[in-house]
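Okay, so here's the structure we're looking at.
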Amino acid sequence: VFSASANTVKIPSKTGVVYYVNGVRKGTGTQTYTGAVTITTTASSGSYKLAGTLRWTARL
């Protein structure tokens, strides 16, 4: 979840999903950023499959 007014990105807790913010792996929680932010998701193992949008970009 992006919040432009607070300059934050909230990483949810989702089983089987790994989140990267600007190429750096991040855990669950709220992170503060400014400028361009790209979130990328991958499956945590071969046991999981992701579908839908796997990458988001915002300017905070």
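What is the mean projected area of the alpha carbon convex hull for the chain, to one decimal in square nanometres?
Working: hull surface 15.5 nm².
Dividing the Cα hull surface by four gives the mean projection, 3.9 nm².
What list of ³J(HN,Hα) values in whole Hz, one per residue of segment 33-46 in order, does the Karplus curve 6.51 cos²θ - 1.76 cosθ + 1.60 (θ = phi - 60°) give from phi, with Gly and Pro shown as x?
9, 9, x, 6, 10, 10, 9, 10, 10, 9, 6, 6, 7, x
Output the relative contact order of the chain, whole-number percent, from Cα pairs under 8 angstrom with separation of 6+ residues.
Working: 107 pairs, mean separation 20.8, N = 60.
35 percent.
Can you work out the Karplus-derived ³J(HN,Hα) for every residue in segment 11-22? Use 6.51 cos²θ - 1.76 cosθ + 1.60 with θ = phi - 60°, whole Hz, and x for glycine or proline.
For segment 11-22, the Karplus-derived couplings read 9, x, 8, 10, 4, x, 10, 10, 10, 10, 10, 6 Hz, x marking Gly and Pro.
Every number in this text was worked out from the coordinates using simple rules, so none of it is lab data. Note that this is a predicted model, so its numbers are computed, not measured.
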